[in-house]
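In what follows, a structure is listed as structure tokens, so that the remarks can point back to it.
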Amino acid sequence: MSRDPAKSRPLSENVKRMMWLERASPRNANVMNAERIWTENDNIYCDKQGKLFMEAAAMGFPMSSFVPLYMTSQLAGVIDYNFSSSNGVGSALEDLLQIPALMQNPRSIIESLYWIEEILENADETENKSMILAHAYEADRKHVPKALLALPETENSNVDELSYAYWLGYIYRCECIMHDESSRMVYSAFTEDIMRKAYTDVVNSPMNDRNLSDCAKDICADLDRMLVEEIWPQRKHRKYM
């Protein structure tokens, strides 16, 4: 693909500052955050995104390329809205079942993601992207993206890679829910290479013996501490400290 999705629409300095302050508590005594009330639906949301990432890995997409494309996509924005804390807390399980594509067939989400990317990569920046997609859908509903045609015939069955992909999708969604942030915002803080190292650290720690649903918030808390104390102080975010 010619476009680098990880570099599209950079976050504003104000958004970065809000993300910094959110994660600086309780390290920053001047920042007060309301405790997030975790629900069973939140575990379901994380599990569904974990399975989405695992399906992408099974199809043959490396996480190093799939993650920036998905996390900065319009589709992720739609999923963010459906899975957000403000929209999801207190909803019955029946409400979640109204998202059939993600619940029943994560592959359709992945196929749509690459179809949209292929349509938009050659579009003019001044054109209405929604209209472009609408016209493309009506004109060529059966078009198969080149990225899908280039996949290997045999699905990836590597247990380590599939386990990492599931963990990655699960923890990314957990971060989104805990801070009520979009996928693009979370990805700007935690790129795939950072997450891969964090996964390796978890696998080699006692936390690996726990169920992911039981320790996901602890993993996110460790990621946030690492971001505030190690990663961002080395970047321009230092001015927010």
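Numbers for the structure displayed
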item: Full-stretch length increase - ASP218, SER130 - with 0.36 nm per residue and alpha-carbon distance subtracted; result: 27.8 nm
item: ILE109 - accessible surface, heavy atoms, 1.4 Å probe, Å² rounded to 10; result: 20
item: Full-stretch length increase - ALA123, VAL15 - with 0.36 nm per residue and alpha-carbon distance subtracted; result: 36.1 nm
item: Zone residues, region 115-134, relative to LEU151, backbone N less than 12 Å from point 7 Å out along Cα-to-Cβ; result: 115
item: Packing-based order for 211-221, 39-49, 154-164, using average beta carbon neighbours within 10 Å, highest first; result: 39-49, 211-221, 154-164
item: Filtered chymotrypsin sites (Phe, Trp or Tyr not before Pro), region 172-202: DSSP coil and at most 15 other beta carbons within 10 Å; result: none
item: Packing-based ranking, highest mean first, of 114-122, 13-21 given that Cβ atoms within 10 Å are counted; result: 114-122, 13-21
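The values are calculated or read from the model by the stated rules, or taken from the named source; none is laboratory data. In this text, all values refer to a predicted model and were calculated from it rather than measured experimentally. A quick note on method: Cβ atoms are made from the backbone with ideal geometry, for glycine too, and the neighbour counts reach across all protein chains shown. Please note that ligands, DNA and RNA were not included when accessible areas were found on the heavy atoms of the full protein model with its side chains. Shrake-Rupley method; radii C 1.70, N 1.55, O 1.52, S 1.80 Å.
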